[in-house]
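The values are calculated or read from the model by the stated rules, or taken from the named source; none is laboratory data. Values in this document were obtained by computation on a predicted structure and should not be read as measured data. Cβ placement follows ideal geometry from the backbone for every residue including glycine, while neighbour counts extend to all protein chains displayed. Heavy atoms of the whole protein, side chains included, go into the accessibility calculation; ligands, DNA and RNA do not. Shrake-Rupley method; radii C 1.70, N 1.55, O 1.52, S 1.80 Å.
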Amino acid sequence: MAPTRTSRPEVRRTPDRPFAIHLYCGKGGVGKTTLSVAAARREAARGRRVLVVSTDPAHSLRDALGRKPPRRIEAVELDAARALGRWLGPRRGALERLLLRGTLLDREDVARLLQLALPGVDELVALVEIERLAAARHPDLVIVDTAPTGHTWRLLEAPETIRAVAGVLDAMLARDRDVAAAVGGRAPRDAADALVEALAQDAARLAARLRDPRFTRIVWITLAEPVAVAEALDGVAWLRARGLPLTEIVVNRAAGAARSCPTCRARAAVGQASIEPLRRAARGVRFTFVRDRPVPSRPIRDPGDAAIRRQKRPALVPEGLKVLIVAGKGGVGKTTVACGLAIEAARTHRGRRILLLSSDPAHSLGDVLRTRLGDSARRVPGVPGLEAREIDARAALARERDEIRRGVEEAFGARPGGGVHVDLAHDRDVALRLIDLSPPGVDEILALVSVLDAVDRYDLVVVDTAPTGHALKFLAMPEVAAGWLSELMRILLKYRDVARMGPLGEQVVRLSRGVRRLQVLFRDPAQTRAVVVTRAAELPRLETIRLLDALDRLGIRTSGVVVNAATPTRTNCPRCRAARRMEAAEIAALAGARRTRRAEGCDIIVAPLALPPPRGVARLMRWMRQWAGDIN
């Protein structure tokens, strides 16, 4: 069901008026894709041409739309690598000339660098790609189904990042301008200068569009659940601090009143208590409530609860395991499951040092554990041997900058006494500007560095990952990082007569060895396993199947799938009975997909719905004792 219509008049596209853009934002799993599609159908029925774009690397837009989207609706699942290739195509020559003029690199160096994968490019190119698509397809309205919260913030910060990149590139051209000024002349303008100016103009235009409420609306989607509301509160504060137009908050899957069903009464009570802080924080923003109606999108055959064979739950954390990766679609309960598994491992394998590490930019470990956490590891009260950390990528990067800065100063200092003597002031300035720039992919990069550090200090590292698409980028990061580090080492060795390797070279060598070790570690099933978390619904099931296939391609062994928040079996409530029938069918379909793929050793475990959601060590352990065994 779509949110109710707004009373604000819609902006129609005309030749002199740009298209409108609505961004559907929020925590993973709150229903952004479903509501984006519902809004697109509603607007198309009014006669508007609608372009729906998914910027989430783990797309489910086509799953929600079906094979034949309605007339007047076009759907695009953004492919960041192809989008970057399209953007680079006509600009590659200018960029190569810019790098040749602004650095010591030769043509071979530049060509090799431009062929490397760029981590975190999704959000950086998304807004530019959306503008390109809109210019080609002429919609009245663009609806953006965004990635989960932390990566949506990167998307909305893209104009500022593009502006900073333009500043770095402009610094590369400063040498030519200074040389020309020294001889009383002026450096001629060429395509490289035009590229820098165009980037700066793009950044200004995109920033102005995002802040213009006549053309941009941000709709925040949440659930009436404590963790989702906590993330929504952060989102409201973040948007307001940057002057971005938050138009509406949609509370999805809201529970209706129920007098006889204990489950429905508990769901309604938890929802009402959870949403009140958000109402107070977002005064002046319109709220829309979308009721939860468990109506199947396709005919289902109920296999019955006999499909679940209750037995002793298999061990998901084997003895001797070094890394446990907890992954899944946003909003399915990854963090809750990760916390439970880490607590259980600490109590089962006493004497081992265990770190629970969150690599999701929108952290909720502290909320689930009911303890204050930060970017340094802290002991979890009541669980000997267990520490927890929420990676703050920006803070971690700030700590690394001083060390990297010293390495750059050493590497690009003038070489005293004999040999080659080059004034590298411009190169040093460019390198220092790059250090100050928060690069795209910083979350995945810093998560990789944190895991590298943790595997040497702890017996077991439990990683609570970002939602599916960005989790897979993190897991593929060792290969991407290995390529960049190898190329950087080659360049440092090539120019060692000009720039001393010093501390910078030592850092590159250290990281290269660590990345190679992590590549081996991730592919060793005795040391690394994954647990995938999902819910018994169609879109999570389809995404889970794709995730299992992707983990298999990466060579990472999956030891189990936890189907979370299953509706209680013994109930006379029509709503709960309907939900249970749907869930049983989805669990059976997931089990069938597992058998088709011959995923031996990958058990399917059902975790019950808990109201209120389990928070704190004691409740997490009680909840885990209710997990069911396996699926027939």
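The table that follows gives values for the structure above.
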read-out	value
Counted residues, the range 29-60 - those being part of a loop (DSSP other than H, G, I, E, B) and either of a type in the set (A, V, I, L, M, F, W, C) or under 15 Å from the mean Cα position of the chain (by Cα) (or both)	8
Matching residues in the range 61-73 - criterion: being in a loop (DSSP other than H, G, I, E, B) and in contact with a Ser or Thr (Cβ under 8 Å, 6 or more places away or on another chain)	none
Test set (1) touching a helix residue (DSSP H, G or I) at 6+ places or on another chain (Cβ under 9 Å); (2) surrounded by 22 or more Cβ atoms within 10 Å (Cβ to Cβ) - ALA345 fails condition number	(1)
Every pair of residues 6+ apart whose Cβ atoms lie under 7 Å, when the first sits in the range 136-149 and is within 17 Å of GLU231 (Cα to Cα) while the second is open to solvent by less than 10 Å² (accessible area, probe 1.4 Å) and polar (S, T, N, Q)	THR146/THR152
Residue check, ARG594 under 23 Å from ALA327 (Cβ atoms), in contact with a Cys (Cβ under 9 Å, 6 or more places away or on another chain) and either at pLDDT 90 or above or open to solvent by 30 Å² or more (accessible area, probe 1.4 Å) (or both)	yes
Test set (1) open to solvent by 20 Å² or more (accessible area, probe 1.4 Å); (2) modelled with pLDDT under 75 - VAL449 fails condition number	(2)
All positions within the range 52-75 that are farther than 22 Å from THR149 by Cβ and at pLDDT 85 or above	ARG72, ILE73, GLU74, ALA75
Residue in the range 221-240 that is touching a Cys at 6+ places or on another chain (Cβ under 8 Å), open to solvent by less than 20 Å² (accessible area, probe 1.4 Å), in a strand (DSSP E or B) and within 22 Å of ALA158 (Cα to Cα) present	yes
Failed item in (1) open to solvent by 10 Å² or more (accessible area, probe 1.4 Å); (2) touching a residue at least 12 places away in the same chain (Cβ under 8 Å), with ALA388 passing the rest	(1)
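Each row is one residue, and each column tells you yes or no for (1) open to solvent by less than 30 Å² (accessible area, probe 1.4 Å); (2) at pLDDT 90 or above; (3) touching a helix residue (DSSP H, G or I) at 6+ places or on another chain (Cβ under 9 Å); (4) not hydrophobic (A, V, I, L, M, F, W, C).
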| position | (1), (2), (3), (4) |
| --- | --- |
| ARG301 | no, no, yes, yes |
| GLY304 | yes, no, yes, yes |
| ARG313 | no, no, yes, yes |
| ILE325 | yes, yes, yes, no |
| THR336 | yes, yes, yes, yes |
| CYS339 | yes, yes, yes, no |
| HIS349 | yes, no, no, yes |
| ILE354 | yes, yes, yes, no |
| ARG370 | no, yes, yes, yes |
